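Novice: Right, I'll just put the structure down here and ask away after.
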Amino acid sequence: MRFSVNWRVLALSLLLAGGSAFAADGSPKAAPPAPAHAGSLRPGHAAVASANFHATEAGLEVLAKGGNAFDAAVAVASTLSIVEPESSGTGGGFMAVLHLAKDGRDVFIDARETAPAAVNPRDYLNPDGSPNRDAALRGPLSAGIPGQPAGLALLSGRYGRLPLAQSLAPAIRIARDGFQPDERLRGAIAGTQKDLERWPASAAKYLPGGKPPAKGAVWRDPDQARTLELLAAHGHDGFYRGETAQKLVDAVRAAGGNWTLADLTGYQAKERTPISVDYRGYKIVTAPPPSSGGVAIAEILNILSGYDLTKMDAATRAHYIIEAMRRAFRDHNDYLGDPDFVQMPLDMLLSPYYAAGLRQGILPDKATPSSMLPRAEAPEPGMHTTHFSIIDADGNMAAVTSTVNYTMGSGFVAAGTGVLLNDEMDDFALVPNKPNVYGLLGSAANAPKGGKRMLSSMSPSIVIGPGRTAVIGSPGGSTIITQVLEGILHFIDGESAQQIAAHKRFHHQYLPDVVKVEDGTFDAATSEALTKMGYTLKPRESWGFMNVVTWDREANKLDAASDPRRPSGLGKVQ
Ligand code: DON
């Protein structure tokens, strides 16, 4: 796609700004300079927070053996693939923001899935032309070429201290010896049983004896152990060539998919420059495209930098945050896609001038209706992605969000590999102007194409303030962006890791034009004030699961918190 200014959006900002794209005084307040990172200071201890205690302990085990945060990230991600397969895994992809203590560099790792070369948009339509949601979300057609194994090999090889085999060892041991699936995994299997029964290898793996594993049963994953052993022995090629690649392609094609060996051999995890934004003396380092998350978070923070949120009542504060969310999500639908395939007006979207224009269109006491796109009602998504955060004793940091997309991904296990494939193809705008499972509408920028990465909302972030640092992220489909944004604001407000992870949340994504609210977020007076301003508030039950680590650099104290909405999570300092 060629770059073109979205005149509709610009015209609206100008109109609402009363003819000017700039703030009333003509000069938007420049962001304060980012604080320098705490040079030679090191925490001396390490902290890991993830959604499952086996995974947190795997990370701590690898740190204790001399690994750094990046080796620990490999251990956590690979262990989650065994113990929390409903959320992320070897058959999926991840995005990570890293901070390298030795030279202060921030790096973004893009291990996002890609479309196979033979992708055909017609495969996602029914004969009558309506969207075929089953093809988009279940079975081999819904699966992109996995990025996680390549990403783990890159993380370990380029940034780790230990051999890949040592970082993968805890996952392989748990897969071989077995573990007791927690309630959430048992529930995810029961909830997707009908789909899992469609493919023999999925049923054999997840429905032993025709049923989900019973409470307390020990469950093993020998096929995935073997797949990880091949990765451990041969690195990247141990997955993308040879035995595993052949088994993946055979299984996908036998079940009606269109992968080829060339799709696998051609896959590369990529290193990109993260997005960095300054907000009130804090530097936020976050995910660039093919995630929409960092662009949206930066746009929201740039809009909010014109207000002092600390001096407002709860309703006014929520009002400005919601209006900023609304505007960022509108741009997300229109512009964003894989940077290797589309040109995006990032300079404009990330500019404080653009934010100042948008800010001028926000009335102090009224909601702006979202009336520029056809309304799309989103189903309530479950939480099926995972985020973990790590700081090691030297101050290396890893914020990693990893996913197979929807609950249990595609539900399709490639026979003989133990690999549950993702259903990430639904994150493309498969059918123009039809919402995906998160109610997100996409444009040509996110149309599917062979080798292209589908747009993501994953927003792993590192926030560096004058005296404190946070490593933060969350699952949640489109709500990832707003949950991480709120977490960043709470951190800037001075909250602890535990308070941030527990904080009640709300979400607006332009369309549908409603504010989704977690029970307890707003008191009755605030809800009433927001309703009077014109907002439609709707309850939403599934939020989280945020895993945060913080480093108070002044007191040199680490803290780690796992979202209390998720009992099997663990945040721990060692
Ligand atoms: O990459 C994305 O944006 C989605 N595949 C993430 C999915 C997710 O967070 C599921 N949780 N509700």
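The values are calculated or read from the model by the stated rules, or taken from the named source; none is laboratory data. None of these values were measured; they are calculated from a predicted model. Cβ sites come from the backbone with ideal geometry, for glycine too, and all protein chains shown count toward neighbours. Note: accessible area is taken over every heavy atom of the protein model, side chains too, but ligands, DNA and RNA are not part of it. Shrake-Rupley method; radii C 1.70, N 1.55, O 1.52, S 1.80 Å.
Novice: Please list, or write none, the aspartates and glutamates whose alpha carbon is within less than 14 Å of the alpha carbon of Lys211, excluding same-chain residues fewer than 8 places away.
Specialist: Cross-link targets: Asp195, Glu197.
Novice: Any idea of Leu350's accessible area? Nearest 10 Å², probe 1.4 Å.
Specialist: 50 Å²
Novice: Under 18 Å Cα to Cα from Lys283, which lysines show up? Leave out anything in the same chain fewer than 8 places away.
Specialist: Candidates past the 8-residue exclusion: Lys29.
Novice: Any chance you could give the angle, 0 to 90 degrees and rounded to 10, that helix 242-254 forms with the longest Cα principal axis of the chain?
Specialist: Roughly 80 degrees, rounded to the nearest 10.
Novice: Can you give me the Cα centroid spacing of region 310-359 and region 383-422 in angstrom?
Specialist: 28 Å
Novice: Sticking with this structure for a sec: Could you state the number of Å between the C-alpha centres of region 506-574 and region 184-212?
Specialist: 31 Å
Novice: Students often forget the sequence filter, so: which aspartates and glutamates lie under 20 Å Cα-Cα from Lys452 once same-chain residues fewer than 8 apart are removed?
Specialist: By straight Cα distance, Lys452 reaches Asp110, Glu113, Asp123, Asp263, Glu271, Asp334, Asp338, Asp340, Asp423, Glu424, Asp426, Asp427.
Novice: Turning to a different aspect of this structure: Let me know the Rg and Dmax you get for region 213-340 when you use only its Cα atoms, in Å.
Specialist: According to the Cα coordinates of region 213-340, Rg and Dmax are 22.7, 61 Å.
Novice: Hey, another quick one. Considering only C-alpha atoms, what is the centroid distance from region 85-105 to region 235-286, in Å?
Specialist: Measuring centre to centre over Cα atoms gives 12 Å.
Novice: Pairing the Cα long axis of helix 314-335 with the longest principal axis of the chain, what angle in degrees results, from 0 to 90 and rounded to the nearest 10?
Specialist: In the chain, helix 314-335 runs at an angle near 60 degrees to the longest axis.
Novice: Shifting gears a bit: Past 22 Å, Cα to Cα, is the threshold; run Lys366/Lys434; Lys270/Lys434; Lys65/Lys215; Lys194/Lys538; Lys102/Lys557 against it and keep the listed order.
Specialist: Lys366/Lys434; Lys270/Lys434; Lys65/Lys215; Lys194/Lys538
Novice: Please sort 76-88, 193-205 by packing, taking for each peptide the average over its residues of neighbouring beta carbons within 10 angstrom, highest first.
Specialist: 76-88, 193-205
Novice: Is region 369-525 best put as rounded, prolate or oblate by its Cα gyration tensor, with a ≥ b ≥ c the root eigenvalues, rounded for a/c under 1.5, and otherwise prolate when a/b is larger than b/c, oblate when not?
Specialist: Oblate, since a/c reaches 1.5 and b/c is not below a/b.
Novice: Follow-up. Of all alpha-carbon pairs in the chain, indicate the percentage at a distance above 45 angstrom.
Specialist: 10 percent
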